[in-house]
Amino acid sequence: MLELLAVSKTIETAKGDSMKKFVLCLALFAILATGALFADHPSGFGLGVQGGISSNWGGGFITGPALSLKIPSLPIFWAIRLDITEYYFGLGVSGDSYFVDDKIVPQIGLNWYVGGGLSLGLAFTENWLGLGIAARLPIGLSWQPIPFLEVFLQVVPSLGVSILPEFHFPYGGWGGDVGIRVWF
């Protein structure tokens, strides 16, 4: 009977630890979202496409195209990604705010940026459903050869939680994108 109580106590402690980690992640997301209020952002409406790679820490690369969107009234760069392989279908959305968006070589329109954001991903296979949320740290280069055209390259590490098929923390990985955006 004492062994059963000890096992029960261990399970309760593990659940409590998972909840503490989840609350810690939510606090991190809130801090990143608050930082967006103090960043400088380009004005105008931006629309583009990007392609990239992403890998979770367990391995495996997924590639897919994304639609890139910047709405003038919001200080957030949005991306809607579609990942399709022979055995996998994924849909993801991310929103990033740039804390640093500064010029490196102003004469040629070369800039760099560092930001923070969130992503939500949903994945399907023949017999599996996955759902996760993560904090993102986009770090990139942006080149505007002419005022209405931007070409960018970014690396994006992420840290989050997998909610489905089971709760798992930490979850995350590395990603990267190359894209082009037109400003109106």
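Where a number appears in this text, it was derived from the coordinates with a stated rule and is not lab data. Because the structure is a prediction, the values reported are computed rather than measured. Neighbour counts run over all protein chains shown; Cβ positions are idealised from the backbone, glycine included.
So G115 clears everything in (1) touching a residue at least 40 places away in the same chain (Cβ under 8 Å); (2) buried (at least 17 other Cβ atoms within 10 Å of the Cβ); (3) more than 16 Å from G46 (Cβ to Cβ) except one condition, right? Which one?
Of (1) touching a residue at least 40 places away in the same chain (Cβ under 8 Å); (2) buried (at least 17 other Cβ atoms within 10 Å of the Cβ); (3) more than 16 Å from G46 (Cβ to Cβ), only one is false for G115: (3).
Please count how many residues of the range 136-184 are in contact with a Gly (Cβ under 9 Å, 6 or more places away or on another chain), of a type in the set (A, V, I, L, M, F, W, C) and under 20 Å from I53 (Cβ atoms).
The first filter runs over the range 136-184 and keeps only residues in contact with a Gly (Cβ under 9 Å, 6 or more places away or on another chain), leaving 136-140, 142-148, 150-165, 168-173, 175-184.
When the remaining residues are screened for being of a type in the set (A, V, I, L, M, F, W, C), the result is 137, 139, 143, 146, 148, 151-153, 155-156, 159, 161, 163-164, 169, 178, 180, 182-184.
Then keep just the ones that are under 20 Å from I53 (Cβ atoms); that gives 137, 139, 151-153, 155-156, 159, 178, 180.
Number satisfying all stated conditions: 10.
Right, P145: in contact (Cβ under 8 Å) with a residue 12 or more places away in the chain and either among the hydroxyl-bearing types (S, T, Y) or loosely packed, with under 13 Cβ neighbours inside 10 Å (or both) or not? Walk me through it before giving the result.
Working: in contact (Cβ under 8 Å) with a residue 12 or more places away in the chain: yes; either among the hydroxyl-bearing types (S, T, Y) or loosely packed, with under 13 Cβ neighbours inside 10 Å (or both): yes.
Criteria met by P145.
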